[in-house]
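Participant: Pasting a structure here, questions to come.
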Amino acid sequence: MAQYFADIYEAVSSVLKGMRITFKHIYKKPVTLQFPDERQVMPERYRGFVHNDMTKCDSCNICAKLCPVDCIYIESEGKGKARMMTRYAIDYNKCIWCSLCTENCHTGSITMSHDYDHSVYDRRTLVYEFMDPTQETIPCHRATRIDMGWWVEPKEDKPKPKPKPAAEAAPPAETAPAPEAPPPADDKPAPGTPTPDDDKGVEN
Ligand code: SF4
Ligand code: SF4
């Protein structure tokens with residue numbers, strides 16, 4: 001009988017505990033989002049999927065060379081002023097979000113976006129093609145880009161190489177402290193020669 005009432009007490013107290021937590025949160029602002037209709041606003045420095053603004057990219061290949069996992073694929077045709085970019089792709093399967101590409105792009109075209117959701121059923125679709133060569137190829141040479149009306153990096157914006165630090169000059173010889181000269185040899189008493197101090201110890 002006692003067990004019967006103990007079970008009833010346990011059940012009622014459990015329900016009340018749960019309801020207390022429910023009522024505590026019922027008027028608070030929800031922390032969940034109705035994804036995908038609502039999206040999280042990411043912090044300013046958040047590193048999302050890498051994005052390239054193809055109007056600025058001139059196929060210099062710096063990003064592809066620096067990428068530690070070789071997930072940037074750039075292809076171009078022609079040489080010199082006639083060189084045209086035909087492919088710029090990033091394999092998001094391999095990207096490690098290190099940002100080496102974005103920090104070294106001289107045009108600032110490649111950036112870490114705030115995009116964090118690329119849920120797909122087929123991982124091959126994570127190789128993202130940024131351009132369609134059947135629609136348009138992109139001029140690489142600066143002069144051609146200017147002729148064709150493409151964006152070019154203003155020359156004054158180009159980072160200038162830092163001057164090499166001058167080698168530290170050795171201190172002039174005269175400033176170096178001269179080594180202490182040894183006392184002249186004749187100042188030293190010859191072994192066995194009585195000194196004035198010796199006399200002090202002799203009693204008359
Ligand atoms: S963030 Fe790093 S791994 Fe990803 S594309 Fe850029 S360099 Fe490559
Ligand atoms: S470093 Fe910048 S400009 Fe050069 S290929 Fe990469 S994205 Fe394009």
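Coordinate-derived values only; no laboratory data. Since the structure is predicted, the reported quantities are computational estimates derived from the model, not experimental observations. Glycine gets a Cβ as well: all are built from the backbone with ideal geometry, and neighbour counts include every protein chain shown.
Participant: Convex hull over the Cα atoms of region 73-156, averaged projected area in nm²?
Facilitator: On the way: hull surface 28.7 nm².
Average projection, Cα convex hull of region 73-156: 7.2 nm².
Participant: Name the long-range amide H neighbours of S76: under 5 Å, sequence gap of 5 or more, or other chain; modelled H, no Pro or chain starts.
Facilitator: It is T86, by chain and number.
Participant: Next up: Quick one: compute a quarter of the convex hull surface over the Cα atoms of region 8-161 and quote it in nm².
Facilitator: Quarter of the Cα hull surface area: 15.8 nm².
Participant: Would you mind counting up the charge near C95? Only other residues with Cβ under 11 Å from its Cβ, with Lys and Arg at +1 and Asp and Glu at -1.
Facilitator: 0
Participant: Tell me, F49, F5 in order of fewest to most beta-carbon neighbours within 10 Å?
Facilitator: The fewest-first ordering by Cβ neighbours comes to F5, F49.
Participant: Within a 10 angstrom radius of the beta carbon, how do Y128, Y9 rank from fewest other beta carbons to most?
Facilitator: Y9, Y128
Participant: Oh, and also: Sorted by packing (mean other beta-carbon atoms within 10 Å per residue), highest first, where do 119-125, 60-66, 17-23 land?
Facilitator: Ranked from most to least packed, the peptides come out as 60-66, 17-23, 119-125.
Participant: Now a separate question. Please tell me which of these pairs span more than 19 angstrom C-alpha to C-alpha: K56/K81; K56/K164; K79/K155?
Facilitator: The answer is K56/K164; K79/K155.
Participant: Using Cβ counts within 10 Å as a stand-in for footprinting exposure, how do M84, M148 rank, fewest first?
Facilitator: The order, fewest Cβ neighbours first, is M148, M84.
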